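The values are calculated or read from the model by the stated rules, or taken from the named source; none is laboratory data. For clarity, every value in this text was computed on a predicted model and none was experimentally measured. Here the Cβ is made from the backbone with ideal geometry for all residues, glycine too, and neighbour counts use every protein chain on show.
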Amino acid sequence: MPNYGDPIYWDDRYKNAGKNATFDWLESYASLKTLLKEFMTDLNMRILILGCGNAEFSEDLYDAGFKNIVNVDISSVCIDQMNERNNELRPEMRFQVMDICDMSEFESNSFDIAIDKSTIDALLCGDDSFVKVAEMLKESQRVLKTGGVYFAVSYGKPESRSFHFVQPFLSWENREFVLYDTSCETEEEKTEKSHYIYVSTKNADADRICAMNWEVCLEQLRLECET
């Protein structure tokens, strides 16, 4: 299996795909629009797209009126392609090369929503997966305002994902949703092809809780990766 946490893998993938290629992981803006309305009530809200790839998702958000969007991705090839594609059509939208496990360039408490469309799935397929996911969630919580939302779309069922969002360094109110594939003929097939939405809202004590518990949790996760 490829190491989906490695920028070299993604650089090669986007080079081979070509600058005009697009791919929306799991869901599109159209399929998520109804659910997103509950959490995106202000066109001026500041939006962070975690691992934007070459998806049309943020472009569709922009065209729907959400202009304050920052897209980050670990692949410089991807970001160059997306900048070229959007510079003239969507001049207010930003694309930036960044490792989502270290977003220190962003101020704390500065975003209203962070959207992860299967990026957590990619990290879980790479090296030191639990550590990487923890680092991403810690950073996502940090950059969100109190009451801000981390909105994740995943193919992972709750039994393989939910525990990541309740680690001791996180202080969130968590909700889960399921997007069923209505084209499936059996319940088993529908369950297998469903996508899961994990929504975490930042509590007022989140920064304090993280400062208290992060180092101990990180050390424990590193030990578990070694065994």
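Brief remarks follow.
- Unique residue being surrounded by 17 or more Cβ atoms within 10 Å (Cβ to Cβ) and under 25 Å from THR201 (Cα atoms) when the list is MET40, MET82: MET40
- Members of the range 122-155 found to be closer than 16 Å to HIS195 by Cβ and at pLDDT 95 or above, listed by number: PHE151, ALA152, VAL153, SER154
- Residue list for the range 7-19, restricted to those being loosely packed, with under 14 Cβ neighbours inside 10 Å and either in contact with a Gly (Cβ under 7 Å, 6 or more places away or on another chain) or in contact (Cβ under 8 Å) with a residue 60 or more places away in the chain (or both): LYS15
- Residues (hydroxyl-bearing (Ser, Thr, Tyr) and at pLDDT below 90) located in the range 178-227: TYR180, THR182, SER183, THR186, THR191, SER194, THR227
- Test: residue in the range 103-123 that is surrounded by fewer than 21 Cβ atoms within 10 Å (Cβ to Cβ), among the charged types (D, E, K, R) and over 24 Å from TRP10 (Cα atoms): yes
- The one condition from (1) free of Cβ contacts under 8 Å to residues at least 60 places away in the same chain; (2) over 24 Å from TYR29 (Cβ atoms) that GLY156 does not meet is (2).
- GLU88 over 17 Å from the mean Cα position of the chain (by Cα), free of Cβ contacts under 8 Å to residues at least 40 places away in the same chain and within 18 Å of ARG142 (Cβ to Cβ): no
- Among the residues of the range 127-176, those that are within 30 Å of GLU189 (Cα to Cα) and surrounded by 17 or more Cβ atoms within 10 Å (Cβ to Cβ) comprise SER129, PHE130, VAL133, TYR150, PHE151, ALA152, VAL153, SER154, GLY156, ARG161, HIS164, PHE165.
- Within the range 38-74, being among the hydrophobic types (A, V, I, L, M, F, W, C), more than 19 Å from LYS19 (Cα to Cα) and assigned to a loop (DSSP other than H, G, I, E, B) holds for PHE39, MET40, LEU43, MET45, ALA64, PHE66.
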